[in-house]
Structures are given as structure tokens and as C-alpha cells.
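Scroll down for the structure; my scribbles are underneath it.
Just so you know, all these numbers are worked out from the coordinates, no wet-lab data involved. Keep in mind it's a predicted model, so treat the numbers as computed, not measured. We place every Cβ from the backbone using ideal geometry, glycine too, and count neighbours over all the protein chains shown.
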Amino acid sequence: MELTALALRSAAQKLRPYFQAHLVVVLTDQPLRNILHKPDLTGRMLQWAIELSEYGIEFQPRLSMKGQVMADFVLEYSRRPIQCKEPDEQEWWTLRVDGASRSSGSGVGLLLQSPTGEHLEQSIRLGFPASNNEAEYEAILSGLDLALALSVSKLHVYSDSQLVVRHVQKEYEAKDERMTRYLVKVRDTLQQFSEWTVEKIGRTENGCVDALAGIAASLLIKEVILLPIHVQANPFIAEASTCNTIEAKRTDNQEWTNDIIGYLRIGTLPEDPKQAHKIRVQAARFTLIGGHLYKRSFTGPYLRCLNHSEALYVLAELHEGVCGNHSGGQSLAHRAHSQGYYWPTMKKDAAAYVKKCDKCQRYATIPHMPLETLKPISGPWPFAQWGMDIVGPLPTAPAQKKFMLVATDYFNKWVEAETYASIKDKDVTKFVWKNIICRFGIPQTIIADNGPQFDSITFWNFCSELNIRNSYSTPRYPQCNGQAEATNKTLITALKKRLEQAKGKWVEELPGVLWAYRTTPGRLTGNTPFALAYGMDAIIPTEIGLPTIRTEAGTHDDANEELGRNLDWVDEVRETASIRMADYQQRASAHYNRKVRPRSFKNGTLVLRKVFENTTEIGVGKFQANWEGPYIVSKASESGACHLQKLDRTPLLRPWNVSNLKQYYQ
């Protein structure tokens, strides 16, 4: 039996193109088909069975051979005497040649056509420098050598080089020594043909060989290569079809195992030839044991093949059953495989099942990568746009003060701050009037968070009367008011370094910290906030202890003139600072956005929201879920803010940033 299988395998290897192109019928009186499909095959027989499964082989019993069959076979394949044609009856061959010389090299293109219409194309790269005329001569000589190798006696030669054709036709004389040697070589080679002609044709009629010569001249190759050229029937950007695509769901009676089981049991195949070939190839790795389909595994025992419903049952048990641990998609697929199960889409189905698991979504880790691109904010002119925030509670100071209200100008980074025991909306209103409006004029915009002190009717009415626009950041996303947060960090750091054991003296140290902040040059603008605000730098105590030219000039008559010049140049200084700030913000955005993984939602998308301190369940401790919901996105803006509503269509009070949301799958 092994010898019979080996003979069939050897025949398939030697006649591989015929086995791949046709259905092969094997007539044998031995149960070769049953042997090759046995589940307990091992060694060489298993390897041969897998190799033979690639071809369409049908096994039939061999009957007694009739004499007439042998006679017909001998008559059909008997060798007939070959009638040799006389030399004078041979027809003409056609040779088209062209040469190309470029800066990248030189090449030759040939097209030899037989009398019956067969074409033979060649593209030859010249490994030596050659002029255009020399390349044309090389093309003719290469074509003549090819024709002589095929025993051609009558040949028409066509070239688009007028010089070469006129040389051969003796209408032009070859004056150059190298051209003369080429001409002699061509004429000597043509004498080896019984009849020949050389004619000139137009470049448009010689387009095929011109392209072959161009390819050889352009490719930097040093050895023979095979360059297949494929034909693409349709463009990659196909026109949209007007019909609707309907995706039919797989039912239990249309499972992937049905065709393989039918082929293994009774040998039935689908009507589609491609599908039938696919089933024959696949069936070599499968077998039937006890009425169930099993797949031969490369790493262990047989794997039981499951249909769609059985696969869902296995995934549910392994993922969230008694022995489940809510593992990831790849781990779940590996576990199902190691338990002895198989279906064609194991990894895809496992990943989709984990992706839609409600508990896995609610207890998923919170990503720390940025999910929204950085959008820099800058003021159009000094004191036009302010960012406000509340810092505290801080260590209790005299008069029970433990809060600090801070305002920062977005253009020159000027800071105003006041301390309070408690901050209410009337305190914020008084602060804006005293520290901003009365000193620097009415601003255009005030940016703040969603604190009740800023989002109150009293503060709203105050701003609307003065035509001040209120802008609020989304909850739990302080980056929206990043300027105020950066200022708070700088002030707290400076206060920490000034205070020692007496932390309650921070109120007394605050004016000195503000003065130091206003007189320190910033990397963003290159100037001090004081200079951008008043046109000159402030005089600090160091200049009093050790006088400089500026402090000494203050006693002379030209001091006022110097101050006037500084005020005349303040617009230029501010413009330079604005340009520098825009450049810095652009570079910072480019660096930050390299790490961003953009996330966006469409209207109607189900999302989960991060769980924060005010939304945690009481008594759960470490077992608190990381996400809550789901909610419905009712409106999504380009800035990254999303308006949400509950499943009963009740809208939430404020929008939320996409960094605090994730999509919910069900």
C-alpha cells in the first residue's frame, strides 16, 4: 500500500501542472482513498496524504481493460511521421530592435515574431558605456544572434534608427572607426541568412521594443533577473455599487463543518470548482471520530471542531464561568485551543467576545496616554483674556485664611492673587472689579472651572453687564484652563521654598512671591511680565544695593527721555513676545501630539465615564469599578467636549472631555 501511495505522490510531483489544472481520476483496485483518510496515519503516509490533498484526485475502482480501449489509446498517441518542409517553403520571421542610452546605463530591446504569430521578447542591459548609435547596433546584433539560435533562414529586420538602417542599406557611409567595425559585423552576420531585409519604421510603431530597451537601461542590475508584468483588471478606487450589501448570518444548518463532513463521509463537493478544491485541501487535516469532526493538531492531540453555537458556549464558560477569570482575547483563544477545541475564527471571536464583555469594560484600566491633541490658547493683546482658579485649602493663616484666588493674563503672564477664609461668588465679583477692571480695564474673556463661585447667577450678571464672555472648562479636565493651573503650581512651589516650620505665614510671603514672579523673565515670552505690562523692567532691591547705569541715570535729566523711548518701543517688544510665544506653543504642541492616540465619538454612541471620588459607591473600597454608565453621546464637538445623556434621555448638566470617556460595546 505504501508503494502505491508513493507512486501516486511521485506522479503528482512530476506532473504537478497537470494535477493542478485538471481533475485527476485514479483507477485502482486497492482502498487507497480510505487509507489516506484514516485518522491514525503517521510518518510518511501522513505526509503524503497532506501533499496529495492539494490536488483534485478522485479514486475509482479499476475494471477489466477491454482490447478496444487499448487499441484506441495506441491509435491516438501513436507517433506520426514528421513531414519536413523544404527550405524554399519556410516563411519569414520578423525582428524588431531598439537601443537606449541614458545616464543610468544602456539597454537593448528585442521582439522576435515567428510565422505562426508567437512572440519572444528580450530586454538586455549593456554592462559597458555605449552611445545611442552603438546601442542600436548592439540591438541588431543581439537580435540576429537570437534568430540564428532558432535556425531562422528568412528574416525581416525593423529598426527606428535612420543612421543604422541607412548604413546597412549602403546609403550612408560610416565615418567613425567604431561605427565601421559595427557595420562590418552586422553585414557578416546577415550573410548567414538565406534571405533578409532591413527597413526603418517610425518610433510609434516600435513602442514595444522601445519600452523593453528603456527598462533595461533604467534598472541597475548585474545579473539575469525574471521580471513578471501583471495585468490589473480593475482600479483600487472602484466606483461605489448602487446595490445594498446584505450580510447573511450563519445558521446551524450552514456551519463551516458541513462541507468537510459531507466530503469525508460520502465524497460530496460543492458545485463551485474553487470551493471544491478548497474543501479537498482542507479535508486532509480533518477526520471523523465517533460522528464528530476532529482536526489534526501540530502541537498535541486531535482538536474537536465546534460550530457557532458550541463556540459561544465554550467562550462563555472559559471567560466568565466557574473557571473563568475574564482574561484577554488572545489568552482566551489560547486557552480554548489548549483545552482541545477548534474553529476557524478562534482569535477573532475571542477578541470580539472580550470586547463586548460588560464587566471587562467597566473594570478596564484607565489609559494614561493623551487622547486629545494639545490646543494652545493665547491672548490677542495684554489683559484681554484672564484665567482664574482657586487654590486651597492651604494651612490656616491669621484671620482663618486658607484659600487663594489667582488670576493670570494669557498674554504677558501677569498674576493677581488675593487670600480669603472662604470664597463666595460675591468675593469673585469684587476681586475681578478691584484687581482686574480697575487696574487694567475690562477684559474680553474670563476662563474658569465649573466651581459654584464662577458658575453663579451673581457672577454671570456682573460679567454680562460689562460684556465679558465667560468660558468654562469641562469637569475633571484641568488642562482646559492650563495657564491658571501652571501659575498655581509656580506660586505653590515658590511658597514652599520660602516657608520653613511656620507654614501659616504663607499669607505674609505671598506679596514677595508675586513680585518675584512679575519681575522674572519667562521662557515663553523672553521678557518679564512687568516689562510687557509697563514697557520697562522694575527696579529690584539688588539694584539699590549695587547701583547700575539705569538707577544712576534716574537722577539725571535724560531719565524721562529714556522712559519715553521705552514706551514707544513697547509695541515692538510685545509683538516679538507674541511671535516667540506662538513658536514655543507650536513646538510644544508638536512634541505633545506625537504621543496622542486620538479618540472621538459620533452622536448616539454609547460610552462609559470614569468614576471619580464623588461618584464612587459607598463601602466598596478597592473593589470599585473604574468606569460607570453607559451614557449616550447627544452632541460631540471638535474641541473634544461631549454632551451626554442617560439611557432614559435625561441630559447631564455639563459636557465631558473625551479623555474621561470610552466607547461601550454591547
Per-residue [θ]222 nm for the chain (sum of -39500 (n - 2.57) over DSSP H runs n ≥ 4, rounded to 500)
-11000 deg cm²/dmol
Positive end of the dipole of the chain, charges at C-beta (+1 Lys, Arg; -1 Asp, Glu), about the Cα centre: which of Ala582, Ala7, Leu524 has its Cα farthest in that direction?
Ala7
For Gln60, what charge total do you get from the other residues with a beta carbon under 13 Å from its beta carbon, if Lys and Arg give +1 and Asp and Glu give -1?
0
When only alpha-carbon atoms are used, what values of Rg and Dmax, in angstrom, describe region 605-663?
12.1, 38
Strictly over 22 Å apart at the Cα level, which of Lys426/Lys489; Lys426/Lys496; Lys430/Lys503; Lys413/Lys505; Lys426/Lys505; Lys154/Lys200 would you flag in this model?
Lys426/Lys489; Lys426/Lys496; Lys430/Lys503; Lys413/Lys505; Lys426/Lys505
Compute the distribution of all C-alpha to C-alpha distances in region 431-511, in bins of 10 Å from 0, and list the percent of pairs in each, rounded to whole numbers.
15, 35, 33, 15, 1
Under 29 Å Cα to Cα from Lys622, which lysines show up? Leave out anything in the same chain fewer than 8 places away.
Lys355, Lys356, Lys359, Lys610, Lys646, Lys662
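Just for the chain, what percent of DSSP beta bridges are antiparallel, to the closest 5? Present the calculation step by step, with values, prior to reporting the outcome.
Values: 50 of 75 bridges.
So the antiparallel bridges amount to about 65 percent of the total.
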Expected sort for 99-112, 303-316 on mean C-beta neighbours within 10 Å, highest first, is 99-112, 303-316
Distance in nm between Leu288 and Leu647 label points, each 7 Å along Cα→Cβ, equals 4.7 nm
Taking the Cα centre of region 385-571 as origin, sum charge times position over the Cβ atoms of Lys and Arg (+1) and Asp and Glu (-1), and report the length of that vector in debye to the nearest 20.
960 debye
Distant-in-sequence amide H partners of Gln30 (H built 1.01 Å from N, under 5 Å):
none
Which value, in debye to the nearest 20, gives the size of the charge dipole of region 605-663 about its Cα centre, when Lys and Arg are +1 and Asp and Glu are -1 at the Cβ?
80 debye
Dimensions (Å) - region 259-363, Cα atoms, principal axes, largest first:
50, 28, 21
When N is the residue count of region 385-571, what does its C-alpha Rg come to as a fraction of 2.2 N^0.38 Å?
1.15
Answer with one residue from Ala407, Gly451, Asn461: the one whose Cα lies farthest towards the positive end of the charge dipole of region 367-511, charges on Cβ with Lys, Arg +1 and Asp, Glu -1.
Ala407
For Lys424, go through the lysines and keep the ones whose alpha-carbon is under 20 Å away, minus same-chain ones fewer than eight residues off.
Lys401, Lys402, Lys434
Dipole-positive endmost among Phe612, Ala417, Ala351 within the chain (Cβ charges, Cα centre):
Phe612
Along each of the three principal axes of the Cα atoms of region 93-218, give the extent in whole Å, ordering the values from largest to smallest.
38, 31, 25
Looking only at Cα atoms, what is the convex hull volume of the chain per residue, in Å³?
388 Å³
What relative contact order, as a whole-number percentage, does the chain give when Cα pairs under 8 Å and 6 or more residues apart are counted?
8 percent
